[in-house]
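This report concerns only the one structure given below.
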């Protein structure tokens, strides 16, 4: 029987405007939300002209995360996922903040790329308002970015993240809390400009229904319905009336509308401007509203990982196919890397879920750079992994995977390893070594079955033991291992073999 602790999950969303956390139990295949906590941290307003977070904004955020951390202290670490979005994508000093945030929350914070954020938002909406028939346009206006997705059921066709939100537009168009018709129109036109590159392809794809999600859209819905301007969702006419009402009031501080919280007031006008731009660009008459979004998507994605339905597995297979990877060679390297992993797991303190997964993925796509050129193909592969949109992967996970691809051959790249989070550095180094050795063993690309190879590991040493006389019959493998010894010395690892 599953304990309540083992069956509980938590998702933490460090948004540009608000920090959210939801806690849920997974019972008989369904999520039961048992707690929601929200704090309007407004992290995006703490970015200065150099795109650095201020000490004050970081301190406010860390205090919030400490409270979140207390609530989820008893939940298993594998059942918790925390992510940051646009502001942490932009902040130049995000690594400093993330290290402190890890301590405050008790869990690492992953940074989502914009399209991965969009995918998870759609997943949250799809699980909240399931509809396998209609193609839907999903709109999510956050503090620092706006995501637009077209999908059907749980599948997405288009995902896009635009750099405009209710927090970062405010200082540019509604400074000093003033709302005028001219300022509002400029803000709407800015939103239209941001939407312009995707307007035509989205309209060509088309949709049956439009759905809005998250705080800005929900606040607008609450206000227009409280005023009696529409009964369900948000209509174009109700949005126009709201815009006129804000202009008539003229001051964000003076806005007093039923359904609008006090803390939402400073960013409400800019949120209305963004949604108005979207309505104009896509000729929308009405949108419905989903209560579920990124947090719910995170939970469902996390549960999929725990129960072996990991989106990242499919992504890696798709990448391998896209770049024409030699699947037979990849499979050989993967199987040998796995054998090495299980032999050193205990001595090298490797995790059989996260670390093994990463090693398996790295094995399957370590040769993708060959699709560009043979020379320096490990560098080409690392570039592809770093800069591709990979469904299911956070930016840190992509960095880790790119490091494995980069380090699987030739000189050991200590400088790339420095980009890995300090908490992961030792395990990533060790995974790189296991992958390198598997690649060396299979350099001949032979279909012959390997003999049983024993692997012993210590803190900074690894020893391969082959059957007596085997290396005498494979002199090239011996030479390759001699070369590998010199490469690994750079990483302060001593390789021995016999």
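The values are calculated or read from the model by the stated rules, or taken from the named source; none is laboratory data. Quick caveat: nothing in here was measured; it's all calculated off a predicted structure. Don't worry about glycine lacking a Cβ; one is built from the backbone with ideal geometry, like all the others, and counts go over all protein chains shown.
Return a yes/no flag: does the stretch 7-18 have any residue that is surrounded by fewer than 21 Cβ atoms within 10 Å (Cβ to Cβ) and touching a residue at least 40 places away in the same chain (Cβ under 8 Å). Show your work before the answer.
Residues of the stretch 7-18 that are surrounded by fewer than 21 Cβ atoms within 10 Å (Cβ to Cβ), as a first pass: 7.
Checking which are touching a residue at least 40 places away in the same chain (Cβ under 8 Å) leaves us with none.
There is no residue in the stretch 7-18 that is surrounded by fewer than 21 Cβ atoms within 10 Å (Cβ to Cβ) and touching a residue at least 40 places away in the same chain (Cβ under 8 Å).
For the stretch 441-461, the criterion of being over 25 Å from residue 364 (Cα atoms), in contact with a strand residue (DSSP E or B) (Cβ under 7 Å, 6 or more places away or on another chain) and not in a helix (DSSP H, G or I) is satisfied by at least one residue. Would the stretch 220-237 turn up any residue that is in contact with a helix residue (DSSP H, G or I) (Cβ under 7 Å, 6 or more places away or on another chain), assigned to a helix (DSSP H, G or I) and either within 17 Å of residue 167 (Cα to Cα) or assigned by TED's automatic domain parsing to the domain that holds residue 17 (or both)? Yes, some residue in the stretch 220-237 is in contact with a helix residue (DSSP H, G or I) (Cβ under 7 Å, 6 or more places away or on another chain), assigned to a helix (DSSP H, G or I) and either within 17 Å of residue 167 (Cα to Cα) or assigned by TED's automatic domain parsing to the domain that holds residue 17 (or both).
Checking each residue in the stretch 47-70 for being surrounded by 14 or more Cβ atoms within 10 Å (Cβ to Cβ) and touching a residue at least 40 places away in the same chain (Cβ under 8 Å) picks out 47, 52, 53, 58, 61, 62, 64, 65, 68. Does residue 372 satisfy being buried (at least 21 other Cβ atoms within 10 Å of the Cβ) and either touching a strand residue (DSSP E or B) at 6+ places or on another chain (Cβ under 7 Å) or closer than 15 Å to residue 319 by Cα (or both)? Taking the combined requirement at face value, the residue does not satisfy it.
Among the conditions (1) outside any helix (DSSP H, G or I); (2) surrounded by 19 or more Cβ atoms within 10 Å (Cβ to Cβ), residue 385 misses just one, which is (1). Of all residues in the stretch 262-301, which are assigned to a loop (DSSP other than H, G, I, E, B) and closer than 17 Å to residue 145 by Cβ? Once the filter is applied, which keeps residues that are assigned to a loop (DSSP other than H, G, I, E, B) and closer than 17 Å to residue 145 by Cβ, the stretch 262-301 yields only 293. Being at pLDDT 95 or above and closer than 18 Å to residue 43 by Cα holds for only one residue in 121, 150, 111, and it is 111.
Of the residues making up the stretch 246-257, those that are out of contact with any strand residue (DSSP E or B) (no Cβ under 8 Å at 6 or more places or on another chain), farther than 17 Å from residue 274 by Cβ and surrounded by 14 or more Cβ atoms within 10 Å (Cβ to Cβ) are 249, 257. Yes or no: the stretch 353-364 includes at least one residue that is touching a helix residue (DSSP H, G or I) at 6+ places or on another chain (Cβ under 8 Å), buried (at least 20 other Cβ atoms within 10 Å of the Cβ), closer than 9 Å to residue 405 by Cβ and not assigned by TED's automatic domain parsing to the domain that holds residue 78. Taking every residue of the stretch 353-364 in turn, at least one turns out to be touching a helix residue (DSSP H, G or I) at 6+ places or on another chain (Cβ under 8 Å), buried (at least 20 other Cβ atoms within 10 Å of the Cβ), closer than 9 Å to residue 405 by Cβ and not assigned by TED's automatic domain parsing to the domain that holds residue 78.
Return the only residue of 119, 81, 89, 73 being under 16 Å from the mean Cα position of the chain (by Cα), in contact (Cβ under 8 Å) with a residue 12 or more places away in the chain and surrounded by fewer than 20 Cβ atoms within 10 Å (Cβ to Cβ). The conditions single out 89.
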